[in-house]
Amino acid sequence: MKPQTILIVFLSLFFLELIWEQSLLWLNLRRAGSAKTKPSALALEIWGAQDYRRAIEYSRSKTYLAIVSSLLSSALVLVLILCGWLGALENLVSDLAVGPILRGILYVYLIALIFSLVSLPVTIYSQFVIEERYGFNRMTWKLFILDGLKGLLVSIVLVTPLLAVLFTLIRSGSLWWLWGFLLFTAFQLVMIVLYPKVIAPLFNKFTPLEEGPLKEKLLSLAKHMGFKTRGIFLMDGSKRSKHSNAYFSGLGRVKRVVLFDTLIQTLGEAEVAGVLAHEIGHQKLRHILKRLAFSILSGLLGFWILSLLLNYLPFFEAFGFSDSNPQALLVLVMFVSGPFTFYLKPFFSWWSRRHEYQADRFVKTHTEYGKAFQHALKRLGKDNLSNPSPHPLFSFYHYSHPTILERIRALDL
């Protein structure tokens, strides 16, 4: 296939994805406008008239920003490709008096820096305008800058050696893709173990949940469900946002339970236990293991495809490169993977929502906290101003979780 043909195919898929995404966003926007004055009885029960309108407006604000963000990132991609800047920047970095491995790393970082700078105003507006307007933001400018610097440092420390080894493997022989896959799989597994102990504490404070009725209730639930835990920790999520959450961290059967401080400030003891039971349901139903296995298999397929593309010069020439090289391959895959795979997204969204429904039912059928969990969902939906009525096509394509109304209705069956 000629380079021009490859570029035309890419641009066709690129604009198809862009039009599809923009159409979904505008559909969601119109849906919010029409739903504003037509709340269902269940929606009024959960949000109340005033918070229902605020939830709709919050959704509209985020959707408008998503439209702008999508157009900005798409414009940047088109400029870099159609103006030949991807290849020009790679040539610029190649002139540096450093080794090929370091040149490759610098080029990847340069492209990442360009996208980070373009997306920075969107991130700032989201945090300090939209989140502030609706009472969620607790982030200070000092903390925002410190988070950015810490994130940059962590990325450099972790990604630099990873890229160095990968680029070395690519230059080593025909089976580099298999070794590269094993490298990234090992990195992924190591990060699951290290993140809660080494990286997360750089950004948040984790303290053991204090002794009392809540801890006793949660430990009793974990013991009853045969769920082994290394401890229940409270995270100071309130220093950044009023949004609340809970999650597990770690690998294997023994995990750390992490509760946002905003969660226990919002919910009662039985409701928090219901949220924990939902997360335990994911573990018991092997959802986490299934997703990890799928991720590993997808990684194997992805590295094999990379090995085929590396030896296909027209692919590089189509995007302004004079020859094939590891850093160009990595950057190009970041650009072209979306347009070539966006139609698969509904499957992953459906799969994730299916797991959420199953974990919800697990709480209802295996614990005494079914009703408390429903109350927790309603409270979290209200306090987080979750979108009460997204467009069905938008939620079908994008949502990894069912809407609050869908989850409540499913639990009532």
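The values are calculated or read from the model by the stated rules, or taken from the named source; none is laboratory data. The model shown is predicted, which means the values in this text are computed figures rather than measured ones. Don't worry about glycine lacking a Cβ; one is built from the backbone with ideal geometry, like all the others, and counts go over all protein chains shown.
Details
- Residues that are of a type in the set (Val, Ile, Thr), touching a helix residue (DSSP H, G or I) at 6+ places or on another chain (Cβ under 8 Å) and in a helix (DSSP H, G or I) within segment 350-380 comprise just one, Val363.
- Scope segment 381-394; condition assigned to a helix (DSSP H, G or I) and either out of contact with any His (no Cβ under 9 Å at 6 or more places or on another chain) or crowded, with 21+ Cβ neighbours inside 10 Å (or both); matching residues: Gly381, Lys382, Pro392, Leu393, Phe394
- Scope segment 324-334; condition surrounded by 17 or more Cβ atoms within 10 Å (Cβ to Cβ) and assigned to a helix (DSSP H, G or I); matching residues: Pro326, Gln327, Ala328, Leu329, Leu330, Val331, Leu332
- Candidates are the residues of segment 39-51 that are under 13 Å from Leu385 (Cα atoms) and in contact with a Lys or Arg (Cβ under 8 Å, 6 or more places away or on another chain); the one that is surrounded by the fewest Cβ atoms within 10 Å (Cβ to Cβ) is Gly48.
- All conditions but one from (1) modelled with pLDDT under 95; (2) more than 29 Å from Glu17 (Cα to Cα) apply to Tyr312; the one that does not is (2).
Quick grid of which residues meet (1) at pLDDT 85 or above; (2) within 12 Å of Leu218 (Cβ to Cβ):
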residue	(1), (2)
Ser238	yes, no
Gly252	no, no
Leu259	yes, yes
Gln265	yes, no
Gly268	yes, no
Val272	yes, yes
Leu276	yes, yes
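Let's see how each residue does on (1) modelled with pLDDT under 95; (2) surrounded by 14 or more Cβ atoms within 10 Å (Cβ to Cβ); (3) out of contact with any Asp or Glu (no Cβ under 7 Å at 6 or more places or on another chain); (4) not small (Gly, Ala, Ser):
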position	(1), (2), (3), (4)
Arg138	yes, yes, yes, yes
Ser155	yes, no, yes, no
Thr168	yes, yes, yes, yes
Leu175	yes, no, yes, yes
Gly180	yes, yes, yes, no
Leu189	yes, no, yes, yes
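- Helices (runs of 4 or more DSSP H) contained in segment 250-322 and holding at least 1 residues under 21 Å from the mean Cα position of the chain (by Cα): 261-266, 269-284, 287-310
- Tabulated pairs, segment 21-36, first within 23 Å of Asp51 (Cβ to Cβ), second outside any helix (DSSP H, G or I) and among the small types (Gly, Ala, Ser), C-beta under 6 angstrom, 6+ apart or interchain: Ala35/Ser389
- For segment 218-225, the criterion of being surrounded by 20 or more Cβ atoms within 10 Å (Cβ to Cβ) and over 15 Å from Glu279 (Cα atoms) is met by none of the residues.
- Condition broken by Ser386, with the remaining ones in (1) more than 18 Å from the chain's Cα centre (by Cα); (2) small (Gly, Ala, Ser); (3) under 21 Å from Thr266 (Cα atoms) satisfied: (1)
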